[in-house]
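Written below as structure tokens is the structure these notes are about.
Please treat every number below as a calculation from the coordinates, not as lab data. All values reported here derive from a predicted model rather than from experimental measurement. Cβ atoms come from the backbone with ideal geometry, glycine included; neighbour counts cover every protein chain shown.
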Amino acid sequence: MSGLDVFFFLWAASLIFFMKAGFIALEIGQFSHRNAAYHCVLKLVDLFAVFLGYLVVGYGISYGFEYIMPLITGTFDAELGAWWMKMAVFAAAAVTIITGGVAERIKILPYFIGALLVGGILYPIVEHLVWGGGFASLGISFADYAGSGAVHLFGGLVGLAAAWALGPRLRKYINGVPQALPGHNIPIAVLGAFILAFGWYGFNIGSASGVGDGLELVQVAIATTMALAGGIAGGALSSRNDPLYTANGMCAGLVAVCSGVNIFTPIGALVVGLLAGLQQPYTYRFIEEKLKIDDVCAIGPVHAMSGFIGVICAGIPFLLRDPSATSFVGQAIGAIVIALIALIGGVIIYKGLDLTIGLRVSEKAEKEGLDEGVLQVRAYSEMD
């Protein structure tokens, strides 16, 4: 690997890492200010958990255990180190999606253990299937260039499984009817979406195997841009210009384009983003009203469903520059396998934690707000 390619990987990893700031802003803006500082702690904790688990176990599950000792002892070469950095922040992105479903009510210790298990074991199983040769060895033709399935479908469904195990917030359902619990800062949530969109160029462009001749990078960048635009349009249209749905629509479009971002035509990417943005309110209402899952930050529509749409669309020939590039059947099989691993694994991990050490904060702390009720701090000193 050339020095330029190493720099390219580290540049991409840096942008993806910075997406954490976008996740924090987007999520805390969507719920009570009394839980904002606590949520920041969760976001910091999952970085520690994922990087530890992915270093000592996860990368080995994904790509081979012969790489673990060089990583632990620091005797790796530039290529291995660069690959680990890039794939570690992918793992961190998959795991941090979970907080959007469990916000305002999960305890820190079980959240840490869950992040450690998901980032160190469960996610690497999916990563091995998608990028480590697992599906190919089974004869399944599956394309997921930048992780619509491996990162977003997976992370969204694990997060929904965790939210189900945790149960809804105290004020969310009254006589079985879901109640609106408005966020405290829409502008900071929208700012978070823009930070995520900025980092997404590293997420998608950085999924190339190197700098190459540059054409692939430009194709990916244009498809990313068009999906972003389609997601905004879809979110605005389906929600009548609601700012959160429109901002989340931008993210949904970016989620959906990841799978085939290297092969979608610009118009194909626009269509994929539009579909992802349009489905949001309908998917959210289904999760909230039919499944009775309290999906605080809409990870179901933004990540799980948009990821599924992206994986499937990457198998639809008329959306692609090369209609023979992928297999629709392979894409569908891959999506189903990833979904089953995420749901079954997520239920086992988070229901297991609930039955052993307990997932949920006390009712008193939840009513008071977790900033003061648990941390004894206030995120905003001037607010009640």
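If you take the Cα centroid of region 100-119 and the Cα centroid of region 49-94, the two points sit 22 Å apart. Summary of the geometry: region 299-319 and region 166-211, compared by the centres of their Cα atoms, lie 17 Å apart. For Y123, the shell of other residues with beta-carbons less than 14 Å away shows a net charge of -3, using +1 for Lys and Arg and -1 for Asp and Glu.
Sorted on the mean count of surrounding Cβ atoms within 10 Å across their residues, most packed first, peptides 52-62, 357-367 read 52-62, 357-367. Scanning residues 5 or more positions from R360 or on other chains, those with amide H under 5 Å from its amide H are K107, with H placed 1.01 Å from N in the peptide plane.
Between T356 and V211, residue separation times 0.36 nm minus the direct Cα-Cα distance comes to 47.4 nm. Within the shell of other residues whose beta carbon sits under 11 angstrom from the beta carbon of V261, the net charge comes to -2, with Lys and Arg scored +1 and Asp and Glu -1. Taking a sphere under 9 Å around the Cβ of L370 and counting the other residues whose Cβ falls inside, with K and R at +1 and D and E at -1, yields a net charge of -3. Backbone amide hydrogens, once placed in the peptide plane, bring L320 within less than 5 Å of T265, excluding anything fewer than 5 places away on its chain. Using the Cα gyration tensor of region 121-176, with a ≥ b ≥ c the square roots of its eigenvalues, what is the shape: rounded (a/c below 1.5), prolate (a/b larger than b/c) or oblate (neither)? Judged from the Cα gyration tensor, region 121-176 comes out prolate (a/c at least 1.5, a/b above b/c). Each label was represented as a point 7 Å from its Cα along the Cα-to-Cβ direction; for A325 and E372 these points are 5.4 nm apart.
When each of F9, F76, F154, F65 is scored by the number of other beta-carbon atoms lying within 10 Å, the sequence from fewest to most is F65, F76, F9, F154.
Bridgeable lysines around K86 (alpha carbons under 23 Å apart, same-chain partners fewer than 8 residues away excluded): K20, K43. For the pair N241 and S2, the difference between a 0.36 nm per residue extended length and the Cα-Cα distance amounts to 81.4 nm. The charge dipole of region 35-132, taken about its Cα centre with unit charges on the Cβ atoms of Lys, Arg (+1), Asp and Glu (-1) only, comes to about 360 debye. Net charge dipole, the chain: roughly 840 debye, given to the nearest 20, about the Cα centre with Cβ charges of +1 for Lys and Arg and -1 for Asp and Glu.
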